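Here's the structure we're looking at; comments come further down.
Please treat every number below as a calculation from the coordinates, not as lab data. Being a predicted model, the structure only gives us computed values, none of them experimental. No Cβ is skipped: glycine too gets one built from the backbone with ideal geometry, and neighbour counts run over all protein chains shown.
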């Protein structure tokens, strides 16, 4: 994989993005950063109520983590992605931008 597993397993709910963008992503079952970075801009803009502002927000947030949209991941998702998220969801682990 191209990024740290801890980062890829971070829930979309834990990102510093608007609630509108978050709701749009979860509505189409994009739950983790690993799911999100595999999407491209065009596909995201097809999501209902997801516009250019939400896209810019997502790109900005991913950039703070050194990630970008359109990244191909092999071996994703890991079988235990839910457990991984719970393991890495401690407050000190959530702010990966430090």
**Prompt:** Quick one: length gained pulling residue 28 to residue 40 fully straight, 0.36 nm per residue minus the C-alpha distance?
**Reply:** 2.9 nm
**In nm, spacing of pseudo-spin labels at residue 53 and residue 20 (7 Å Cα→C-beta vector)** = 0.4
**Request:** First obtain the Kirkwood hydrodynamic radius of the stretch 5-79 from its Cα pairs, then insert it into the Stokes-Einstein equation at 37 °C and 0.692 mPa s, and state the resulting D in µm² per second as a whole number.
**Result:** 269
